[in-house]
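All of the numbers you see were taken from the coordinates with simple rules; none came from a lab. Here the structure is a predicted model, which is why all the values come from computation and not from measurement. With ideal geometry, Cβ positions are generated from the backbone for all residues, glycine too; neighbour counts draw on all protein chains shown.
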Ligand code: PGA
């Protein structure tokens, strides 16, 4: 299982960031869970270069630009040079700030070109009885993967994050049967976009949206999900430890 801790802008203090990193290292050493920490960008510099632990570092976003006269941009090459391995692309909180499918597709290309692993976030705003949310997911995945070669497509991790479930509590997260259905659906969409059918089974599908210690085990056990993208519950050492222990 893979757990990606998306600290968002919850962790604004370097001492707390260090505590969380230390906790993650202990948890990764004590369990078989792969942990990726995605701190706020400058905090990556606190850890990434000298990191020799089992915990990997990820970025919460990346620029669509490549190097040069691009004031304020954080390029995939900079992240790569620091030892970052994963990059979250197209998070709904970035989409809410105006990022569209074309920009997200370019960002994905930049990440892949640097040899980093992209985590593509997709998710509907709301559910409806006609199933049009399924079309939203299909469109988000296919437009983002379209520019990539068939082989590179298989390197993209998909994080299914329904917007209606983000930032709430375990009780308001997705139900396990709905998650199982979505994971199957996403694999079906991927199978259509991949060179061979086998590819869609190899690539990872994560879930995010109010994953807490109260629901992580049920969600993992009752669906074919490969891991989780965790926001608020990853931003405190105690809640993050409880979450990892619940899953382990
Ligand atoms: P949440 O956030 O766990 O706080 O709901 C998840 C995410 O947005 O990645």
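Points worth noting:
- Share of Cα-Cα pairs in segment 17-69 lying beyond 19 Å, as whole percent: 32
- Spacing of the two label points (7 Å from each Cα toward its C-beta) at residue 30 and residue 130, in nm: 5.1
- 5 Å binning of all Cα-Cα separations within the chain, expressed as whole percents from 0 upward: 1, 6, 15, 19, 21, 18, 13, 6, 2, 0, 0
- All-pairs Cα distance distribution in segment 35-109, expressed in whole percent, bin size 10 Å: 19, 50, 27, 3
- With Cα atoms as the point set, the radius of gyration and Dmax of segment 57-187 evaluate to 15.4, 49 Å.
- Distance cut-off 18 Å, percentage of C-alpha pairs in segment 148-248 lying past it: 47
- Prolate/oblate/rounded label for segment 96-159 (Cα gyration tensor, a/c 1.5): prolate
- For the chain, the mean residue ellipticity at 222 nm estimated from helices alone is -12500 deg cm²/dmol, where every DSSP H run of n ≥ 4 contributes -39500 (n - 2.57) and the total is divided by all residues, rounded to the nearest 500.
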